[in-house]
Amino acid sequence: MVPGKAQPCRGLSNLHWLTRISGRLTTRRSTDEDSCCKRQRRYRKDLCRHQLISRIIRPWRQVSVIDCDAEAPDDLLFFQAEKITESDVTHQVPVINKDACTWCGRCSQWCNYNAIFYVPSAKVIKVIGDLCHGCGACSFACNAGAITEKPVVLGTVTSNKVPGESMIIEARMRVNEMSPVRVIKAAVKSAGSEGVIILDSPPGTSCPFVQTVDTADYVLLVTEPTSLRAERPEAKCGDSEDDE
């Protein structure tokens, strides 16, 4: 494989064209190179996914596509679909009753995410909702019964019907949330286990990706040569059988 040149890609003419364009763009050195490369990788992933889903839906009657890229879901842009159901994904966030609080500080000590702001000398204690992961450790730690919990919406899961018996399930995280993992988990669970299930993973290899592929039988990775090639000129594509 030679960087910057289009490779034969049967049945993926759009991806073939984009490969040629992006091959020229990545040779330019600019301050926006990193963000440009990220966009190109996302476009390639989107095109591969769209072609794969389209070809699988045709011969199979029942296919469930789960868009697990909860931060920026876009599978519905490629298909005509009708929304069937929509449900909220929530978690429990603590509410501290200051009148019942003994100011022992156990809740703050037990919180692994620094979500409880505690200043005993000033009698200040406050839950930082954006940092809370809803683990319930603070409620367990409180011996005074001063902590109750309330549900907070993390995102939504929508089920959309496409022509035939196939479905597209979209996980969408609420703006400013710290992690989409719970939303992804709810979307995967809602698909059940019948028929063919395609999980469209978010980019990268962090927790959202791990949660998406946790129950997968097969994983298809869309990747490409990175800028490390430019920093290590001795590592050229085609030097090994794997690159060919």
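The values are calculated or read from the model by the stated rules, or taken from the named source; none is laboratory data. Please read these numbers as outputs of a predicted model, since none were measured by experiment. Methodologically, a virtual Cβ is constructed for each residue, glycine included, from the backbone with ideal geometry; neighbour enumeration extends over all protein chains shown.
Of the residues in the stretch 48-55, at least one is of a type in the set (Lys, Arg), under 24 Å from Arg182 (Cα atoms) and modelled with pLDDT under 90. List pairs: first in the stretch 156-177 and without any contact (Cβ under 8 Å) to a residue 40 or more places away in the chain, second hydrophobic (A, V, I, L, M, F, W, C) and buried (at least 19 other Cβ atoms within 10 Å of the Cβ), Cβ under 7 Å, 6+ apart or cross-chain? Every condition considered, the pairs that remain are Arg174/Leu154.
Apart from one condition, Asp130 fits all of (1) touching a Pro at 6+ places or on another chain (Cβ under 6 Å); (2) of a type in the set (Asp, Glu); (3) within 15 Å of Val181 (Cα to Cα); the exception is (1). With a requirement of 3 or more residues that are at pLDDT below 90, the strands (runs of 3 or more DSSP E) lying completely within the stretch 139-210 that satisfy it span 196-200. Can you confirm whether the stretch 65-81 contains a residue that is exposed (fewer than 13 other Cβ atoms within 10 Å of the Cβ), under 22 Å from the mean Cα position of the chain (by Cα) and under 27 Å from Leu199 (Cα atoms)? Yes, the stretch 65-81 contains at least one residue that is exposed (fewer than 13 other Cβ atoms within 10 Å of the Cβ), under 22 Å from the mean Cα position of the chain (by Cα) and under 27 Å from Leu199 (Cα atoms). Applying the condition of being touching a helix residue (DSSP H, G or I) at 6+ places or on another chain (Cβ under 8 Å) and assigned to a loop (DSSP other than H, G, I, E, B) to the stretch 80-111 and asking which residue is nearest to Val219 (Cα to Cα) yields Cys111. For Gly136, the requirement of being within 30 Å of Cys68 (Cα to Cα), surrounded by fewer than 19 Cβ atoms within 10 Å (Cβ to Cβ) and modelled with pLDDT under 95 is met.
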